[in-house]
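The values are calculated or read from the model by the stated rules, or taken from the named source; none is laboratory data. Here the structure is a predicted model, which means the values were calculated and not measured. Every residue, glycine as well, gets a Cβ built from its backbone with ideal geometry; the counts of neighbours run over all protein chains shown.
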């Protein structure tokens, strides 16, 4: 079965601290992709970072990095030096093969991150 | 590019009425996805298209839901008849091969 699991429904972190949001996945595909999206209270979905299954280096985008551990099937998001504006819902997503070799993208249940001043 | 455009942004309707949500994907994108977001169920994949062809509609909750993509620049999600439990935010998203680009969503309230 293809599945994304985010086990932390909510987290509180002090401003300027680093935070790790957990994501584990399950797929039998050899080629797949992992994404993280941020959804602030305004509701829009903002793309943060992407990791391909064959990428040997962990992806980084500014303060965001993806800790990709293929053998453990985990793709945790690390936010360094958290800011008040990081308070939002964070979703892990996976692109996998679907019917007729067309890819589909499925999402985890999300983690609500709250940054304390 | 204008991004993925969804309409209406907000819809309030009464139970039993037909609802049509619209989506214009980013030009050149060959995948289009419809998701539904609720507090209870999170982000559910309803249906997705590749090159205007529906690939997998197994996420469509019931026969009351239908989706079409008559051309590369337009898709609709229809609910007929609508029920209160259909109240949710419906997102349309498109992609070529990389990340999904989301529309701003259509917030549906069925009374």
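Between A:110, A:33, the distinction of being within 14 Å of chain B (Cβ to nearest Cβ), crowded, with 16+ Cβ neighbours inside 10 Å and on the phi > 0 side of the Ramachandran plot belongs to A:110 only.
Looking at B:31, B:35, B:48, just one residue is free of Cβ contacts under 8 Å to residues at least 24 places away in the same chain and crowded, with 20+ Cβ neighbours inside 10 Å, and that residue is B:48.
Taken over the stretch A:47-83, the residue count meeting the criterion of being assigned to a strand (DSSP E or B) and without any contact (Cβ under 8 Å) to a residue 12 or more places away in the chain is 2. Can you name every residue in the stretch A:20-30 that is part of a strand (DSSP E or B) and surrounded by fewer than 17 Cβ atoms within 10 Å (Cβ to Cβ)? Result: A:20, A:26. For the stretch B:74-92, a tally of residues being over 14 Å from the mean Cα position of the chain (by Cα) and surrounded by 15 or more Cβ atoms within 10 Å (Cβ to Cβ) returns 1. Within the stretch A:12-19, is even one residue surrounded by fewer than 16 Cβ atoms within 10 Å (Cβ to Cβ), away from every other protein chain (no Cβ under 11 Å), in contact with a helix residue (DSSP H, G or I) (Cβ under 7 Å, 6 or more places away or on another chain) and modelled with pLDDT of 95 or more? Yes, the conditions are met somewhere in the stretch A:12-19. Taking the criterion of being in contact with a strand residue (DSSP E or B) (Cβ under 7 Å, 6 or more places away or on another chain), within 14 Å of chain A (Cβ to nearest Cβ) and assigned to a loop (DSSP other than H, G, I, E, B), the residues of the stretch B:57-97 that qualify are B:57, B:59, B:60.
Please work out if residue A:79 is in contact with a helix residue (DSSP H, G or I) (Cβ under 7 Å, 6 or more places away or on another chain) and buried (at least 16 other Cβ atoms within 10 Å of the Cβ). Against the criterion (in contact with a helix residue (DSSP H, G or I) (Cβ under 7 Å, 6 or more places away or on another chain) and buried (at least 16 other Cβ atoms within 10 Å of the Cβ)), residue A:79 qualifies.
Starting from residues that are assigned to a strand (DSSP E or B) and more than 9 Å from chain A (Cβ to nearest Cβ), keep the ones in the stretch B:25-48 and report whichever is farthest from the chain's Cα centre (by Cα). My answer is B:38.
Filter the stretch A:2-11 down to the residues that are surrounded by fewer than 18 Cβ atoms within 10 Å (Cβ to Cβ), part of a loop (DSSP other than H, G, I, E, B) and within 13 Å of chain B (Cβ to nearest Cβ) and list them by number. Selection gives A:2, A:9.
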